1. Let me make sure I get this right: for the range 128-262, a, b and c are the square roots of the gyration tensor eigenvalues over alpha carbons, sorted descending. Under 1.5 in a/c it's rounded, otherwise prolate if a/b > b/c, else oblate. Which is it?
2. Apply the Karplus curve 6.51 cos²θ - 1.76 cosθ + 1.60, θ = phi - 60°, to the phi angles in the range 191-207 and return the couplings in whole Hz, x for Gly and Pro.
3. Using a Gaussian network model of the chain whose springs link C-alpha atoms within less than 10 Å, name the residue from Thr138, Thr230, Thr173 with the highest mean-square fluctuation.
4. Taking the number of other C-beta atoms within 10 Å as the exposure measure, put Met50, Met144 in order starting with the fewest.
5. Say we join alpha carbon atoms closer than 10 Å with springs in a Gaussian network model of the chain; which of Phe224, Phe241, Phe18 then has the biggest fluctuation?
6. Roughly how far apart, in whole Å, are the Cα centres of the range 136-189 and the range 213-237?
7. With springs only between Cα atoms under 10 Å, which of Arg61, Arg181, Arg76 fluctuates most in a Gaussian network model of the chain?
8. Starting at the first residue of the range 235-246, write each ³J(HN,Hα) from the Karplus equation 6.51 cos²θ - 1.76 cosθ + 1.60 with θ = phi - 60°, in whole Hz, x for Gly and Pro.
Amino acid sequence: MNYLFSLLTGIVQGLTEFLPVSSSGHLVVLHDILKFDVFDNVLYDVVLHMGTLVALIVFFRKDIARLGRGFLASLRRWDVRNDLDQRLSWLVGLAVVPMVVVGAAFGDFIENTLRSPWVVAAALAAGACLFLLVERFTAPVKAMTGLTAADAAAVGLAQILSFIPGMSRSGITIVAGMSRRLERGAAARFSFLVSIPVFLGAVVKEALSVDWAAADWSILALGFFAAAITGIWALRFFLGFVGRHSLDVFAWYRIGIALLLVVWLVFIR
């Protein structure tokens, strides 16, 4: 059963980390329903996040290399106005700052305080409403080439809300980008590029705080590869999907899951 749970949570992590439905929310509910606490959950969560970080690095490896070259070029000869890679590298850095500051000061407190199925249900519904509103009352027209410092700052500030289980980091940052009139696909791509340094910092911080000597490596490896492989698939699917379709399907999914969760909490739990 430990291996089955590891495989299941790895798949859920890989799918929901990049689809705008909240990985933390789904995992909180999954843990609460199945009551599987037979191994170090903190250590296991670190490994799952490592899996999705690997998925991001593999999928965006060309973008990472290009932005890395752009950043180094900006240190030699500043030309962010004309060099898109230079500009994007600095805008990604700008968008990361709010998450780093708030995460360092309050991240653990927020996540531990709000780690509840009731909070997940409320955040799922609230995020769904934002999806529906942004799809109906904004007119996204800007591509990545039109991204500004104000756009990056808006995405960075919105990302703070992802500490709330059920809100979805990708979802709230895409909404923020679209509210700044970024095209849906451009908003999604920028959201994922911003998540790479955020994930890297979080994984390193968490990895240094857990007891690796107590690890069951076979269980951890299964969860890691399940998260990485499904994460790559989810990225490919989602970026293709949002280029042609609205976020409505994810909004209605979130509302449905929130309602089912409330029914379970009130009548079954």
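Nothing in this text is a laboratory measurement; each read-out follows from the coordinates by a stated rule. Treat the numbers as computed from the prediction; the structure is a model and nothing was measured. Counting neighbours? That spans all protein chains shown, and the Cβs are built from the backbone with ideal geometry, glycine included.
1. Working: a/c = 1.99, a/b = 1.57, b/c = 1.27.
Because a/c hits 1.5 or more and a/b exceeds b/c, the range 128-262 counts as prolate.
2. Per-residue couplings from phi come out as 4, 6, 5, 5, 5, 4, x, 5, 4, 4, x, 5, 5, 4, 4, 5, 5 Hz.
3. So, out of Thr138, Thr230, Thr173, the one fluctuating most is Thr138.
4. Met144, Met50
5. Phe241
6. Rounded to whole Å, the Cα centres lie 27 Å apart.
7. In the Gaussian network model the winner is Arg76.
8. Going residue by residue, I get 4, 4, 5, 5, 5, x, 5, 6, x, 10, 10, 7 Hz, with x marking Gly and Pro.
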